[in-house]
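S.K.: Structure incoming, see below.
The values are calculated or read from the model by the stated rules, or taken from the named source; none is laboratory data. Worth saying up front: this structure is predicted, and the values here are computed from it rather than measured. Methodologically, a virtual Cβ is constructed for each residue, glycine included, from the backbone with ideal geometry; neighbour enumeration extends over all protein chains shown. To get the accessible areas, we keep the full protein, side chains included, count just its heavy atoms, and leave off ligands, DNA and RNA. Shrake-Rupley method; radii C 1.70, N 1.55, O 1.52, S 1.80 Å.
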Amino acid sequence: MWCLELLLPLLLIIKDVTSQWNVWVPRDISTMTNSCVVIPCTFMYPAGIRPYRGIHGIWYFGQPYPQLFPPVVFKSRTDVVHESYKGRTKLLGDLHQRNCTLLINNIGTEHTGRYYFRADLGGANIYTYPDFAELKVLDQPNIDVPEEIVSDENLELTCYAPDNCPEMTPEIQWMYTDYLPDPEFTTDYMEESNTAVLSSTLTFTPRPMHNGQLLGCRVYYPNTTLVYERLISLDVKYPPRSVWVNVSSEVMEGSSVMLHCEVDSNPPPRISWMFGDQELLWDTASNASLSLDDVTPSQEGLYTCVGDNGYGVMNTSMYLGVKYPPREPLVNNSLTILEGSTLALHCSTQGSPAPTLTWLKDGELVGTITADELSVLDIVEITPQGDGQYRCLAENEHGRASSSLNITVEYAPILLEESKCTVVREGVQCVCMATGNPEPTIEFYLPDLNITINETDGRYNFYTHTDGHTSTGMIKLREKGERAGNGSPVNVHCSITNTYGTESVLLELQQEKKYMMAVIVGTIGGVAVIAFIIAAVRYVGHNNKKENGNPGQDLVCKLENPALYYSAVKKDKQSLRKKVGEEGDYQPVGSLAHLERQELNYAALEFIGARSREGPLGRGDDGSDYSEIKAK
């Protein structure tokens with residue numbers, strides 16, 4: 001600062017040709033508290049003025065106008081100064097040399113302000129210069145910090161210490177630099193407007209970890225106790241370096257969930273919660289939470305938290321799984337197909353976890369169990385047995401659901417083995433049973449008689465019945481085997497017909513087991529009766545021979561005209577009548593149609609002239625003797 005010694009003589013050479021009052025002082029000057037400061041000053045006055053009784057000077061604080069009674073800092077005529085400046089000020093310059101430099105010792109912060117110089121040349125030649133020196137008294141050093149500190153970019157921090165006190169020279173030291181990566185220090189000395197400033201520059205490359213760290217600058221004066229410090233906190237700007245969200249999770253349908261996001265960046269980022277391309281929430285903060293209530297399966301998916309603070313963008317995603325029971329499966333519509341066709345039944349559903357799909361037909365497992373949301377049941381060359389209800393059952397650990405469809409298989413009529421003609425007591429009963437879809441129609445045909453019997457023909461007690469896809473037709477013939485004109489048994493054909501075909505089959509004649517047993521028993525009984533009759537005749541003849549002397553001739557005569565009046569065949573109608581039809585329903589057919597329905601129940605033999613006996617023998621109305629033999 002002592003270049004002032006060179007500057008002042010130069011300023012004194014300059015003559016004010018305009019005869020104006022001028023002063024030169026530094027516009028800004030600073031110093032540290034409890035130290036000192038020298039305010040350089042040079043003044044000029046018009047050349048035509050001759051100082052009267054010497055040149056005097058006054059320094060004012062705050063105001064240039066005496067009438068406003070500003071505090072007097074220094075006055076050359078007397079020692080009368082303001083209380084706060086007593087013993088602290090001294091004029092270093094020679095007023096006669098137009099040097100008005102002022103020294104202030106032991107300065108405090110209260111002395112910060114504007115300082116004005118007033119020249120007194122005697123008489124009316126008194127002038128207060130409007131220019132002033134702005135003094136700043138500092139209690140800590142200044143640190144020049146850039147407006148923006150960006151991570152990974154070179155940073156320079158400069159600490160300043162004023163050096164405007166001739167008696168003391170400051171030194172600068174940086175504090176808390178041990179954690180900095182490769183710090184560099186440079187010192188510089190600057191003089192401007194007759195003021196001096198010592199500076200120290202710290203250079204390093206900050207990292208995000210340095211954000212918020214403290215750095216300090218210490219200014220001290222050797223050989224004194226004066227120490228000044230200033231601390232700053234580094235505001236390091238850096239892009240998001242981490243984005244934390246919940247771990248991927250699974251929740252049940254209908255529950256509530258909170259998704260949290262925290263972003264490490266400076267400044268705080270704009271946080272956005274994204275679901276696909278949809279922004280669900282945003283906030284400018286270091287964290288943000290997204291609340292989802294009554295969660296549905298449509299909300300399952302990837303949720304992304306995006307942090308953007310202008311210095312960079314970063315995002316992290318998490319997957320939210322929604323568990324729920326299977327939905328009602330979607331299956332084919334019910335359908336009707338032709339036997340031998342091939343079809344595929346589809347069953348699709350949704351569930352989480354993926355459900356197992358099972359195909360059931362009429363409650364029985366068909367196909368394979370599929371652990372997927374789609375199952376296809378292939379049916380190749382379907383048969384009539386494939387007709388029925390098919391149900392797709394979907395199951396997972398949270399529940400089950402099912403859907404059904406009906407498959408109707410249409411096929412040509414098929415004759416069932418129950419179809420036959422059976423000899424019964426009433427005659428012949430022919431039954432024709434067939435299955436088919438549509439239900440087959442049944443008619444009987446007697447080719448030998450060229451007779452067709454169907455539901456439109458009321459003869460032969462025609463009867464039909466349909467149960468599902470099974471049709472039953474039945475006719476009853478009066479005689480045991482209808483006979484054609486040549487006397488041979490009549491053949492019975494069954495004809496079954498539906499949309500897909502016609503079949504005609506000759507029905508086999510079979511004996512009814514109950515009737516055949518009756519025939520066997522009746523035959524044995526008849527033989528026994530005949531044997532008994534022969535024995536009885538011989539016994540009677542033998543007795544007559546003994547009584548009449550020539551029984552043999554009489555017996556032979558009598559036997560030539562036997563006493564057999566009749567052998568009648570009768571029937572117990574009630575015991576032989578079938579449940580289907582009444583007596584009037586039977587139609588007599590064939591060569592025996594003119595006869596009564598007969599069956600051997602008893603035989604009666606009448607012996608003329610025989611002697612009455614006790615016991616089973618009796619006498620008729622005409623006085624004849626007889627013996628009655630019955631077979632039951």
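S.K.: Given N315, N309, N333, which one is more than 29 Å from the chain's Cα centre (by Cα) and in contact (Cβ under 8 Å) with a residue 40 or more places away in the chain? First the steps, then the outcome.
M.R.: Working: N315 fails: more than 29 Å from the chain's Cα centre (by Cα); N333 fails: more than 29 Å from the chain's Cα centre (by Cα).
Of N315, N309, N333, the one residue that is more than 29 Å from the chain's Cα centre (by Cα) and in contact (Cβ under 8 Å) with a residue 40 or more places away in the chain is N309.
S.K.: May I pose another question? Looking at (1) on the phi < 0 side of the Ramachandran plot; (2) within 21 Å of the chain's Cα centre (by Cα); (3) without any contact (Cβ under 8 Å) to a residue 40 or more places away in the chain, find the lone condition where S286 falls short.
M.R.: That leaves (2) as the condition not met.
S.K.: Another question about this same structure. So which residues in the stretch 232-273 are touching a helix residue (DSSP H, G or I) at 6+ places or on another chain (Cβ under 9 Å) and of a type in the set (G, A, S), if there are any at all?
M.R.: Of everything in the stretch 232-273, just one residue is touching a helix residue (DSSP H, G or I) at 6+ places or on another chain (Cβ under 9 Å) and of a type in the set (G, A, S), namely S265.
S.K.: Moving on. Could you list, in sequence order, all residues of the stretch 371-390 that are open to solvent by 20 Å² or more (accessible area, probe 1.4 Å), in contact with an Asp or Glu (Cβ under 9 Å, 6 or more places away or on another chain) and closer than 20 Å to T349 by Cβ?
M.R.: Within the stretch 371-390, Q389 is the sole residue that qualifies.
S.K.: While we're on this one: Out of curiosity, is D283 of a type in the set (D, E, K, R), loosely packed, with under 13 Cβ neighbours inside 10 Å and either closer than 30 Å to M32 by Cβ or modelled with pLDDT of 95 or more (or both)?
M.R.: Values: of a type in the set (D, E, K, R): yes; loosely packed, with under 13 Cβ neighbours inside 10 Å: no; either closer than 30 Å to M32 by Cβ or modelled with pLDDT of 95 or more (or both): yes.
Taking the combined requirement at face value, the residue does not satisfy it.
S.K.: Could you tell me whether E262 is touching a residue at least 12 places away in the same chain (Cβ under 8 Å), acidic (D, E) and over 30 Å from D152 (Cβ atoms)? Let's see the steps before the verdict.
M.R.: Numbers: touching a residue at least 12 places away in the same chain (Cβ under 8 Å): yes; acidic (D, E): yes; over 30 Å from D152 (Cβ atoms): no.
Answer is no for this residue.
S.K.: Here's a follow-up. Please identify the pairs in which a residue from the stretch 34-59 that is within 13 Å of T101 (Cβ to Cβ) has its Cβ atom under 7 Å from the Cβ atom of a residue that is open to solvent by 20 Å² or more (accessible area, probe 1.4 Å) and small (G, A, S), counting only partners at least 6 apart or on another chain.
M.R.: G57/S76
S.K.: Test L320 against the stated conditions and say whether it is farther than 29 Å from L405 by Cβ and hydrophobic (A, V, I, L, M, F, W, C). Outline the logic, then answer.
M.R.: Numbers: farther than 29 Å from L405 by Cβ: yes; hydrophobic (A, V, I, L, M, F, W, C): yes.
The answer is yes for L320.
Residue-by-condition table, conditions (1) of a type in the set (S, T, Y); (2) under 22 Å from P166 (Cα atoms); (3) at pLDDT 95 or above:
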site: D79; (1), (2), (3): no, no, no
site: E83; (1), (2), (3): no, no, no
site: R88; (1), (2), (3): no, yes, no
site: G93; (1), (2), (3): no, yes, no
site: R98; (1), (2), (3): no, yes, no
site: N106; (1), (2), (3): no, yes, no
site: Y116; (1), (2), (3): yes, yes, yes
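S.K.: Out of the strands (runs of 3 or more DSSP E) lying entirely within the stretch 73-145, which hold 3 or more residues that are closer than 30 Å to E229 by Cβ and of a type in the set (A, V, I, L, M)?
M.R.: Details: elements: 89-91, 102-104, 113-120, 126-138, 142-144.
In the stretch 73-145, 102-104, 126-138 are the strands (runs of 3 or more DSSP E) which contain 3 or more residues that are closer than 30 Å to E229 by Cβ and of a type in the set (A, V, I, L, M).
S.K.: Of (1) in contact (Cβ under 8 Å) with a residue 24 or more places away in the chain; (2) touching a strand residue (DSSP E or B) at 6+ places or on another chain (Cβ under 7 Å); (3) exposed (fewer than 14 other Cβ atoms within 10 Å of the Cβ), G254 satisfies all except one. Which?
M.R.: (2)
S.K.: Further, regarding this structure: With S317, S352 as the choices, which residue is within 25 Å of S256 (Cα to Cα), among the polar types (S, T, N, Q) and buried (at least 19 other Cβ atoms within 10 Å of the Cβ)?
M.R.: Numbers: S317 fails: buried (at least 19 other Cβ atoms within 10 Å of the Cβ).
Checking each option against the conditions leaves just S352.
S.K.: Further question on the same structure: I'd like to verify a number: residues in the stretch 323-375 that are in a loop (DSSP other than H, G, I, E, B) and touching a Cys at 6+ places or on another chain (Cβ under 9 Å), how many?
M.R.: The initial filter retains those residues of the stretch 323-375 that are in a loop (DSSP other than H, G, I, E, B), namely 325-329, 332-334, 339-342, 349-351, 353-355, 362-363, 372-373.
Right, trim to touching a Cys at 6+ places or on another chain (Cβ under 9 Å) and you get 329, 332, 349.
Within the stretch 323-375, residues that are in a loop (DSSP other than H, G, I, E, B) and touching a Cys at 6+ places or on another chain (Cβ under 9 Å) number 3.
S.K.: Within the stretch 260-269, can one find any residue that is under 27 Å from the mean Cα position of the chain (by Cα) and charged (D, E, K, R)? Walk me through how you get there before you give the answer.
M.R.: Here is the first cut: in the stretch 260-269, the ones under 27 Å from the mean Cα position of the chain (by Cα) are 260-262.
Checking the rest, the ones that are also charged (D, E, K, R) come to 262.
Yes, that holds for at least one residue.
S.K.: Return the residues of the stretch 166-203 that are under 15 Å from V236 (Cα atoms) and crowded, with 18+ Cβ neighbours inside 10 Å; say none if nothing qualifies.
M.R.: L180 - this is the single residue of the stretch 166-203 that is under 15 Å from V236 (Cα atoms) and crowded, with 18+ Cβ neighbours inside 10 Å.
S.K.: Looking only at the stretch 287-308, count how many residues are outside any strand (DSSP E or B) and of a type in the set (S, T, N, Q).
M.R.: Taking the stretch 287-308 as the starting set, the residues that turn out to be outside any strand (DSSP E or B) are 293-300.
Still in the list and also of a type in the set (S, T, N, Q): 296, 298-299.
Residues meeting the conditions: 3.
S.K.: Moving on. Where residues in the stretch 421-448 are in a loop (DSSP other than H, G, I, E, B) and modelled with pLDDT of 90 or more, which of them is least open to solvent (accessible area, probe 1.4 Å)?
M.R.: P440
S.K.: Here's another thing I want to ask about it. Would you mind finding the one in G108, G113, G123 that is more than 60 Å from the chain's Cα centre (by Cα), farther than 30 Å from S233 by Cα and surrounded by fewer than 18 Cβ atoms within 10 Å (Cβ to Cβ)? Walk me through how you get there before you give the answer.
M.R.: On the way: G108 fails: farther than 30 Å from S233 by Cα; G113 fails: farther than 30 Å from S233 by Cα.
It is G123.
S.K.: Next question. In the stretch 125-165, what residues are free of Cβ contacts under 8 Å to residues at least 60 places away in the same chain, in contact with a Pro (Cβ under 7 Å, 6 or more places away or on another chain) and not hydrophobic (A, V, I, L, M, F, W, C)?
M.R.: Y160
S.K.: Separate question: Looking for something free of Cβ contacts under 8 Å to residues at least 60 places away in the same chain, buried (at least 20 other Cβ atoms within 10 Å of the Cβ) and among the aliphatic types (A, V, I, L, M) - is there at least one such residue anywhere in the stretch 65-74?
M.R.: yes
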